[in-house]
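Colleague: My structure is below; once you've seen it, I'll send some questions.
The values are calculated or read from the model by the stated rules, or taken from the named source; none is laboratory data. All figures in this text were calculated on a predicted structure; none of them were measured in a lab. Reconstructed Cβ throughout: ideal geometry from the backbone, glycine too, with neighbour counts over all protein chains shown.
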Amino acid sequence: MAVTTTKQRKTSKVNKFEIILKEAARLFCEKGYEATSLDDVADAVNIHKATLYHYIKSKEEILYLCLLRSFEGYEQRLEELKDASVPVADRLRRFFSTLIEAQNNEFGRCLCLVGRQPLGTESGDKILEFQRNMGFAVRRLLQEGIDNGSFKPCDTRLAANMIFGAFNSVPKWRGPDAQTSTQQIAETYLDLFISGISLRPKAMLDSGAKKAPGAARRANKTT
């Protein structure tokens, strides 16, 4: 007779916890946060509601943990945005190509479709901090492009809001059976965005042309 070890029990509990979060995120996206009950979550993972409380304390905690999962791995992505050896436009493409994939898994869709609004102040502020850090990182990258002559002078806050808004909307209209892949969407959005703000031909941006001095920082002093 096989003996279940402590390590196996812990692994099983971790796996069940991840399944709970994924199913909860799916239900929040499909039914809405308010319309989803803990009974629904328990039924989705085939456990009793009482057992569910061994893993989580409340529905709000589940949502918070789902939203935290949506940001996993982004510390590395944000660090890559600082790599000056890679052309600005290429860094922008890599970041948003990764973002769109993350936004279209269970947790990323939950962030886009449900968001932090149902959370209490403390939890909601932590999610907002993650979002702001991403926004500031993209704004700095856009400013770098302006300063080196790759991008037109512009309000980086508005430009960052525009591109994040475009990508954040994808889970709202793209269904699971969509014929257009997320990468096709990312490439189209980025082509339009980068061609709109670029001072150089696309071929030069893609080839990593030498940095040229720029003097457009004044465009953002008031933002």
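Colleague: Please go through segment 168-194 and pick out each residue that is in a loop (DSSP other than H, G, I, E, B) and free of Cβ contacts under 8 Å to residues at least 12 places away in the same chain.
Modeller: GLY175, PRO176, ASP177, ALA178, GLN179, THR180, SER181
Colleague: Among the residues of segment 149-162 satisfying the criterion of being assigned to a helix (DSSP H, G or I) and in contact with a helix residue (DSSP H, G or I) (Cβ under 7 Å, 6 or more places away or on another chain), which is surrounded by the fewest Cβ atoms within 10 Å (Cβ to Cβ)?
Modeller: Selected residue: ARG157.
Colleague: Only one residue in GLY115, GLY165, GLY135 is part of a loop (DSSP other than H, G, I, E, B), modelled with pLDDT of 95 or more and surrounded by fewer than 20 Cβ atoms within 10 Å (Cβ to Cβ). Which one?
Modeller: GLY115
Colleague: Tally up the residues in segment 74-93 that are in a helix (DSSP H, G or I), modelled with pLDDT under 95 and not hydroxyl-bearing (Ser, Thr, Tyr), please.
Modeller: Number satisfying all stated conditions: 6.
Colleague: Applying the selection to segment 52-79, what residues are free of Cβ contacts under 8 Å to residues at least 40 places away in the same chain, over 24 Å from PRO118 (Cβ atoms) and surrounded by 13 or more Cβ atoms within 10 Å (Cβ to Cβ)?
Modeller: Of everything in segment 52-79, just one residue is free of Cβ contacts under 8 Å to residues at least 40 places away in the same chain, over 24 Å from PRO118 (Cβ atoms) and surrounded by 13 or more Cβ atoms within 10 Å (Cβ to Cβ), namely ARG77.
Colleague: Hey, can you tell me all the residues within segment 30-64 that are hydrophobic (A, V, I, L, M, F, W, C), under 23 Å from PRO176 (Cβ atoms) and assigned to a helix (DSSP H, G or I)?
Modeller: Scanning segment 30-64 gives VAL41, ALA44, ILE62, LEU63.
Colleague: Separate question: Which pairs have Cβ atoms under 7 Å, sit 6 or more apart or on different chains, and link a residue in segment 114-143 that is closer than 30 Å to ASP90 by Cα and assigned by TED's automatic domain parsing to the domain that holds ASP83 to one that is of a type in the set (D, E, K, R) and modelled with pLDDT of 95 or more?
Modeller: Short answer, once both residue conditions are applied: ILE127/ARG116; LEU128/ARG116; ARG139/ARG157; LEU141/ARG91.
Colleague: Please state which one of ILE185, ILE146 is surrounded by 17 or more Cβ atoms within 10 Å (Cβ to Cβ), over 30 Å from LEU111 (Cα atoms) and at pLDDT 95 or above.
Modeller: ILE146
Colleague: Being touching a Phe, Trp or Tyr at 6+ places or on another chain (Cβ under 9 Å), outside any helix (DSSP H, G or I) and either under 30 Å from LYS59 (Cα atoms) or not assigned by TED's automatic domain parsing to the domain that holds LYS22 (or both) is true for just one of PHE96, PHE107, PHE71. Which residue is that?
Modeller: PHE71
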